[in-house]
Amino acid sequence: MRKVLFAAARGLGRSALKHGVGLVFVIHYSLLCGQTIAEHSGYFFPYSINTPDTALSLPYAQLREISGLSATPHKDVLCAVADERGEVFFLNASTGALLRRVFFREKGDFEGVEMVNNRLYALRSNGQVYEIEHWKRRQPRISCYETFLTKDDDVEGLGYDRRRHALLMACKGNPDSAHERRVYAFDLSSKHAPDTPVYRINPHAVNEWEPYASEEKRHYFSPSGIAIHPVSGDIYVISTALKRLIVLDYATGDLRYVTRLDRKIMPQPEGIAFDSEGRLFIASEGKKGDGLLLRFSPHSPPSQRE
């Protein structure tokens, strides 16, 4: 693509290049490379991401620093974890009411949670995965699995991958660094995470797609949550350091879409989940106030609307 684009630049002629307008356009387009193709090929993003259907305040001190979110098999029931608390919280997705608390560890920097086949999984930022069975009992059965990841990887996102029967673990890394961000898979059959990433995210590509606003800090995309869309299979990843949501192609890992998140609505987006109907939920820490739970219903493509 670069050869074609720069050939086009040479074909603009001296009069156009004299002013630099055509060349700037071509260079900017080439920097985006394949990421631009999805945008221009009619990719449809099905959510009004800065206009939630509902925005619920979670008036619980334990959830002010909500850090992970998961759907459950039960309609309108989500589960969540919070920083420094070894508990899973069950929430009513329509009202925000706290339904149940499952204690599994005294404390720890927990950043993700998932329910898979009636088992709960919680992720620590050092890469440890906690499996919680029989969680309705007074004393659940708890297993802890080590991975090759460490606290330096700052693992922040956890999402269930049904096709792989694995938990996707998104590493935040340093938001001041432009190094690629990586996503690994923790196999639920072997309870092992190979050290080869299943997805790689180029922060420069994200910034090229959705450039910095004048008031934004020059941070780089750093994953804070990850989930798979139940219909399209696309990978959704959010970043709290740089308020962005990106969409990756499941098969190739290519960047399909990038959008800015409104910091006034989501001060610190940390958790993301989908229910079986395709409704998107994002949990945000409340900074100085309550934690927040936002819900977004999917839209149909224009061609399918009456």
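Look at 48, 189, 70 and count the other Cβ atoms within 10 Å of each Cβ; fewest to most, that gives 189, 48, 70.
Computing Kirkwood radius over Cα pairs in Å directly from the structure and comparing it against (1) 21.3; (2) 22.2; (3) 20.2 singles out (3).
Computed over the chain with a Gaussian network model linking Cα atoms closer than 10 Å, the most mobile of 74, 204, 229 is 74. Here the contact order of the chain, divided by its residue count and restricted to Cα pairs under 8 Å and six or more residues apart, works out to 18 percent. Per residue, the chain reaches -3500 deg cm²/dmol at 222 nm when only DSSP H runs of four or more residues are counted, each adding -39500 (n - 2.57).
Of the residues 47, 184, the one with the fewest other Cβ atoms within 10 Å heads the list, and the complete ranking is 47, 184. Residues considered: 202, 117, 174. Largest GNM mean-square fluctuation over the chain, using C-alpha springs under 10 Å, is found at 117. Around the amide H of residue 244, modelled in the peptide plane, lie the amide H atoms of 239, 261, all under 5 Å away and 5 or more residues distant in sequence or on another chain.
Residue order for 72, 196, fewest other beta carbons within 10 angstrom first, comes to 196, 72. Applied to segment 145-151, the Karplus parametrisation 6.51 cos²θ - 1.76 cosθ + 1.60 on θ = phi - 60° returns per-residue 3J(HN,Hα) values of 10, 7, 10, 6, 6, 10, 4 Hz, with x for Gly and Pro.
Exceedance of the 22 Å cut-off in Cα-Cα distance is limited, within the set 217/288; 264/288; 264/287; 151/217; 151/288; 107/136, to 151/217; 151/288.
For residue 268, nonlocal amide neighbours, meaning residues 5 or more places apart or on other chains whose placed amide H falls under 5 Å from its own, are 285. Computed from backbone phi with θ = phi - 60° and the Karplus coefficients 6.51, -1.76 and 1.60, the 3J(HN,Hα) list for segment 160-167 is 7, 10, 5, 5, 8, 6, 9, 9 Hz; x is used for glycine and proline. Comparing 87, 106, 285 in a Gaussian network model of the chain where C-alpha atoms under 10 Å apart are linked, the largest mean-square fluctuation is found at 106. Summarising the amide proton neighbourhood of residue 54: residues at separation of 5 or more, or on other chains, whose placed amide H is nearer than 5 Å comprise 295.
Since every read-out is calculated from the coordinates, none of them should be taken as a lab result. What you are looking at is a predicted structure, and each value in this text was computed from that prediction instead of being measured. Glycine also receives a Cβ, built like all others from the backbone with ideal geometry; neighbour counts cover every protein chain displayed.
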